[in-house]
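Have a look at the structure below, then the notes.
The values are calculated or read from the model by the stated rules, or taken from the named source; none is laboratory data. Only a predicted model underlies this, so the values are computations on that prediction, with no experimental measurement involved. Every residue, glycine among them, receives a Cβ derived from its backbone with ideal geometry; neighbour counts consider all protein chains shown. Ligands, DNA and RNA are excluded from the accessible area calculation, which covers all protein heavy atoms including side chains. Shrake-Rupley method; radii C 1.70, N 1.55, O 1.52, S 1.80 Å.
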Amino acid sequence: MHSASIPTEKSVSPSLIFILAAACGIIAANLYYAQPLIGSIGSTIGLSSGTAALIVTLTQVGYGIGLLFIVPLGDILENRKLILSSLLLTAAVLAIAAVIKSAILFLTASLVIGVGSVAAQILVPYAAHLSPEAVRGRNVGNVMSGLLLGIMLARPISSLVAEYMGWRAIYFISAALIFALALVLAKALPSRKPSTATAYPALLNSMLHLLKATPALRRRAIYHACVFGTFSLFWTTIPLVLTSPPFHFTQKEVALFALVGVMGAIVAPAAGRMADRGWVRPATGWALAIVIFSGLLPLLVPSSSALAVPILVVAAILLDMGVSANMVLGQRVIFSLGAEFRSRLNGLYMAIFFLGGAIGSAAGGWAYATGGWEAALLIGIALPAIAMAYYATEFSRLRKKNLID
């Protein structure tokens, strides 16, 4: 199939950026559809309540594998073919997962779904390649807003679909969406053949060197690992809080609560514009402060108060705002470091902060079981507070540099 080459700076259209944003959201949602459904899925395929969590865990493990071993291929292989191959694999495995009755096969499918879903993280640096420097942050922010909407909408959508159509329906629906998306992208995406001619083993070996030699990558990854840890902690524990006394939410009401939190994703494009104007450092401080405040806010009002639910809604929106902004700011920084290794940098960045998310989710579950909601919130505050303390060292470095200069 003939495809256009990468367009010039003037020809990058808003419609293409919209397609990329929608694609990232549709793909990323696959990582989270199963999260509220693990009880139903586990009972159907014969997994105990203790092992059903492996469904989500293996999807995340697969995603981590893809970030480290598939996403870097974007620096050496033609991007459009790589994206389409990943999508077709994902669509096929989603369709198989919808009919599987064996626990082992379903867990294997969950792992492969995670691997294939890294197509979203090939699309994000692809959008950066398409964009001129002056609007790169804005375009990446728009694409990331789509990805974040997909992450945030996945849980309530799968809960509602499962309630009316059964849990298998979400896998059928997602398989159809991913296949349709592959057809759309096959026509819409210009080809991009990287100029780097590096063998795959050398490409993988270079990633450790990039991590060691790129302080900006390490810094931005640590910032976001902390805030994404809080994000995962909050959204892992809040359904448990809302379905328990004194709230007694139904699953439908929990889904609606999650939908409200989606409003926080609207700041992603604004954060990108701030980065384009050179305001990365102050915007980072505000993003971290917002995440810390989102954790403090629920501690100010007892759960028995009439204000408890409105406060939790505000906290969820603020949390998602801070996380969305910080993610875009981080990607704007690392995508400015060099086009020839942009995919590898993005793979490392995402892998590190997803590890932070896994730690936050595990810590939240443990804290809630042992010390309740307040204990979970304290950990959720401590993580971005660590990032804020690290952020403060940026200014001490600047002062030292100015003294030397």
- Task: Taking only Cα atoms and a 10 Å spring cutoff, compute GNM fluctuations for the chain and point out the largest among G166, G261, G116.
- Result: G166
- Query: Along the positive direction of the dipole of the chain (beta-carbon charges: Lys, Arg +1; Asp, Glu -1; about the Cα centre), which of P246, L94, F69 reaches farthest?
  - Reply: F69
- Task: For the stretch 12-195, with all protein chains present and a 1.4 Å probe, just round the carbon and sulfur fraction of the accessible area to a whole percent.
- Result: 73 percent
- Given a 1.4 Å probe and every protein chain left where it sits, what share in percent of the accessible area of the stretch 311-393 is carbon and sulfur? 79 percent
- Cα centroid distance between the stretch 303-345 and the stretch 211-233, in Å? 12 Å
- Determine the calculated [θ] at 222 nm for the chain from helices alone, applying -39500 (n - 2.57) to every DSSP H run no shorter than 4 residues and normalising by the residue count; nearest 500 deg cm²/dmol. -26000 deg cm²/dmol
- Item | Where only alpha carbons of the stretch 290-405 are counted, the Rg and the Dmax (Å) | 17.7, 57
- Query: Can you give the extra length, in nm with one decimal, that the chain gains between V309 and K81 once fully stretched, where that is 0.36 nm per residue apart less the Cα-Cα distance?
  - Reply: 77.4 nm
- Contour excess over end-to-end distance, with Cα ends at A382 and A369 and 0.36 nm allotted per residue: 2.9 nm
- Message: Below 11 angstrom from the Cβ of F335, what's the summed charge of the other residues (Lys, Arg +1; Asp, Glu -1)?
- Response: +3
- Query: On full extension of the chain, what length is gained from K187 through I266, given 0.36 nm per residue of separation minus the C-alpha to C-alpha distance?
  - Reply: 25.6 nm
- Query: Just A375, A199, A23 to compare: in a GNM of the chain, with alpha carbon springs under 10 Å, which one fluctuates most?
  - Reply: A199
- Gyration tensor on Cα atoms of the chain, a ≥ b ≥ c root eigenvalues, a/c under 1.5 rounded, else prolate if a/b beats b/c, else oblate, says oblate
- Rounded to the nearest 20 debye, dipole of the chain from Cβ charges on Lys, Arg, Asp, Glu: 880 debye
- Over the C-alpha atoms of the stretch 198-404, what are the Rg and the largest Cα-to-Cα span, Dmax, in Å? 18.5, 61
- Query: Under a 1.4 Å probe, what is the accessible area of the chain per residue, stated in Å²?
  - Reply: 41 Å²
- Karplus-derived 3J(HN,Hα) from phi for the stretch 255-267 (6.51 cos²θ - 1.76 cosθ + 1.60, θ = phi - 60°), whole Hz, x at Gly and Pro, runs 4, 5, 4, 5, 5, 4, x, 4, 4, x, 6, 5, 7
- For S191, residues with placed amide H under 5 Å, excluding near neighbours: A4, S5, I6
- Computed E for L296/S195 - FRET, C-beta separation, R0 45 angstrom, nearest 0.05: 0.40
- Those trypsin sites (Lys or Arg not before Pro) from the stretch 267-372 that are DSSP loop and have at most 16 other Cβ neighbours within 10 Å turn out to be R277
- Query: Which of L345, L189, L288 moves the most in a Gaussian network model of the chain with Cα springs under 10 Å?
  - Reply: L189
